[in-house]
């Protein structure tokens, strides 16, 4: 059994493609079930974020067409032609999949080097796959090991020493445009981790007022309380849009929730006072046509790349150290997997030994019940167990000696003796 990964990310595909292959929470159970039903696929997990969609599977080694089957399914599930999908897709085989998973968990493959949000997203993918029964030993261990590697990297390197993230980049861009943020109001659309981080950065930067809009008012209120902010529902958002100088949006909606018409009406009420917008969501929350309006400055996650690059320098050395840690951990994972080949043999040997022990122990207890002394019974137990345990190995070693089979004799010494002798 081996591991494979296929997917696309911000390096290989633009946001227009990434939003087409994003897996919504509603369709994730169906996707995992279909993946696991493909011939040769034993386990499956899906990582779907703003910047990447990746499919992780453990497959039978004999399934020669496994990669293409998964790609075909991926294409059909999202109704994207194969020729279109293939131009953006990457694939990793077993060892490369292990390394890739570790690098993703550590934030080394993220748009913002070392950003911590991806680890939480991977943990959510693991939880989803576990909940829907698509994880077992190998793929489950890969995710758990990835989490351990990420923790080690953050502990042993400076990869997370500075507050750099997509949310931070959004706020940095706002500060470059507006300067002092005190006189301004920010509208945060959504209430997830990215929006929370952006709101925290805005609050610490002295933003005048924050409005949190979310599908459920209770969730919006929970986030708003942290920043002395105002909470509204998405339905109320058009009424409050005119108040917003800064709009940052990141929801899990499959369709845009802010259209050109609503923004145009808000601009008229603002007397054409400009609005700065950042759409971090994939699929996009803000209609692309909004960018056609003269008084709107709309940025997507792809536009943030230049700002993000400015913040990478301090993390480059830490990334090199992280790669060294990952090199060692890939070897450790592969070594662990090799031990699985011996698991069945170990279990059979234990079961056989325990059966012999139970048989001899039963005879010994009967001897004691019949009046035999404890000393004689213990000697019988030790002698009989020794003979039973060593009968077959002894027989096989004698046969090996007759054949001149030194390898078998050396292996037996390694297994049964704690010292090395010349054979």
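Normalised radius of gyration for region 87-228, please: alpha carbon Rg relative to 2.2 N^0.38 Å, two decimal places. Could the numbers behind the result be given before it?
Values: Rg = 18.2 Å, N = 142, 2.2 N^0.38 = 14.5 Å.
For region 87-228, the normalised Cα radius of gyration is 1.26.
Over 23 Å, how big is the tail of the calculated P(r) for region 333-423, in percent of all Cα pairs?
Values: 1940 of 4095 pairs.
Roughly 47 percent, rounded to a whole number.
Would you order 72, 344 from fewest to most other beta-carbon atoms within 10 Å of each residue's own beta-carbon? Walk me through the numbers before you get to the answer.
Numbers: 72 14, 344 9.
Arranged by neighbour count, lowest to highest, 72, 344 become 344, 72.
Share of antiparallel DSSP beta bridges in the chain, in percent to the nearest 5? Write out the running numbers ahead of the final one.
Details: 18 of 41 bridges.
Restricted to the chain, the bridges split so that about 45 percent are antiparallel.
Please compute the contact order of the chain in relative form: average sequence separation of alpha-carbon pairs under 8 Å and at least six residues apart, divided by the residue count, as a percent. Please list the in-between numbers first.
Working: 596 pairs, mean separation 56.8, N = 423.
Worked out over the chain, it gives 13 percent.
When the chain is treated as a GNM, springs tying every alpha-carbon pair under 10 Å, which of 300, 408, 384 comes out with the largest mean-square fluctuation?
Of the options given, 408 has the highest mean-square fluctuation.
Using r as the Cβ-Cβ distance of residue 93 and residue 378, and R0 as 35 Å, what FRET efficiency do you calculate, to the nearest 0.05? It would help to have the intermediate numbers written out before the result.
On the way: r = 56 Å, r/R0 = 1.61.
The calculated FRET efficiency here is 0.05.
Quick check: the angle from helix 193-204's long axis to the longest principal axis of the chain, C-alpha only, nearest 10 degrees?
For helix 193-204, the angle is close to 50 degrees.
Given a 10 angstrom Cα cut-off, can you work out which residue in 410, 321, 329 is the most mobile in a GNM of the chain?
Its mean-square fluctuation being the largest, the pick is 410.
How far is the Cα center of region 47-80 from the Cα center of region 155-234, in Å?
Spelled out, the Cα-based centre of one part sits 35 Å from the other.
Give the relative contact order (percent, whole number) for region 55-125; include only Cα pairs under 8 Å separated by 6+ residues.
The normalised contact order for region 55-125 reaches 14 percent.
Please give, to one decimal in nm, the separation of the simple spin-label points placed at residue 60 and residue 365, each 7 Å out from Cα toward the Cβ.
Distance between the two pseudo-spin positions: 4.4 nm.
Would you mind calculating the relative contact order of region 93-186 from Cα pairs under 8 angstrom and at least 6 residues apart, reporting the percent as a whole number? Present the calculation step by step, with values, prior to reporting the outcome.
On the way: 60 pairs, mean separation 28.7, N = 94.
Here the relative contact order equals 31 percent.
Evaluate E = 1/(1 + (r/R0)^6) for residue 218 and residue 269, where r is the Cβ-Cβ distance and R0 equals 22 Å; express this FRET efficiency to the nearest 0.05. Intermediate results must be reported in sequence, preceding the final value.
Working: r = 29 Å, r/R0 = 1.30.
Step by step, r from the Cβ atoms, then E = 0.15.
Between helix 343-369 and the chain, what is the angle of the helix's C-alpha long axis to the longest principal axis, kept within 0 to 90° and rounded to the nearest 10?
Orientation of helix 343-369: about 50 degrees from the principal axis.
Can you compute the modelled spin-label distance between residue 392 and residue 347, with each label point 7 Å from Cα toward Cβ, in nm?
1.7 nm
Share of Cα-Cα pairs in region 236-372 beyond 20 Å, in percent? Working shown, then result.
Working: 6518 of 9316 pairs.
Of all Cα-Cα distances in region 236-372, 70 percent exceed 20 Å.
Tell me, what is the FRET efficiency for residue 137 and residue 76 to the nearest 0.05, using R0 = 25 angstrom and their Cβ-Cβ distance as r? Can you show the working numbers first?
Details: r = 29 Å, r/R0 = 1.16.
Result of the calculation: an efficiency of 0.30.
Would you mind telling me which residue in 378, 212, 166 has the biggest mean-square fluctuation in a Gaussian network model of the chain, where springs connect alpha carbons within a distance under 10 angstrom?
Looking only at 378, 212, 166, the largest GNM fluctuation is found for 378.
Treating the Cα atoms of region 166-310 as identical point scatterers in vacuum, please give the log10 of the normalised Debye intensity I(q)/I(0) at q = 0.13 Å⁻¹, two decimals.
Ignoring solvent entirely, the Cα scatterers give -0.49.
Once you place label points 7 Å from the Cα toward the Cβ at residue 358 and residue 204, how far apart are they in nm?
For residue 358 paired with residue 204, the spin-label model returns 6.1 nm.
So if the hydrodynamic radius of the chain is defined as the Kirkwood radius over C-alpha pairs, what does Stokes-Einstein give as its diffusion coefficient at 25 °C and 0.890 mPa s, in µm² per second?
On the way: Rh = 25.7 Å.
Taking Rh from Cα pairs, D becomes 95 µm²/s.
Sort 57, 106, 50 so the one with the fewest other Cβ atoms within 10 Å of its own Cβ comes first.
50, 57, 106
We did not get these values from a lab; they are worked out from the coordinates using the rules stated. Keep in mind the model is a prediction, meaning the values are calculated, not measured. Note that each Cβ is placed from the backbone with ideal geometry, even for glycine, and that neighbours are counted across all protein chains shown.
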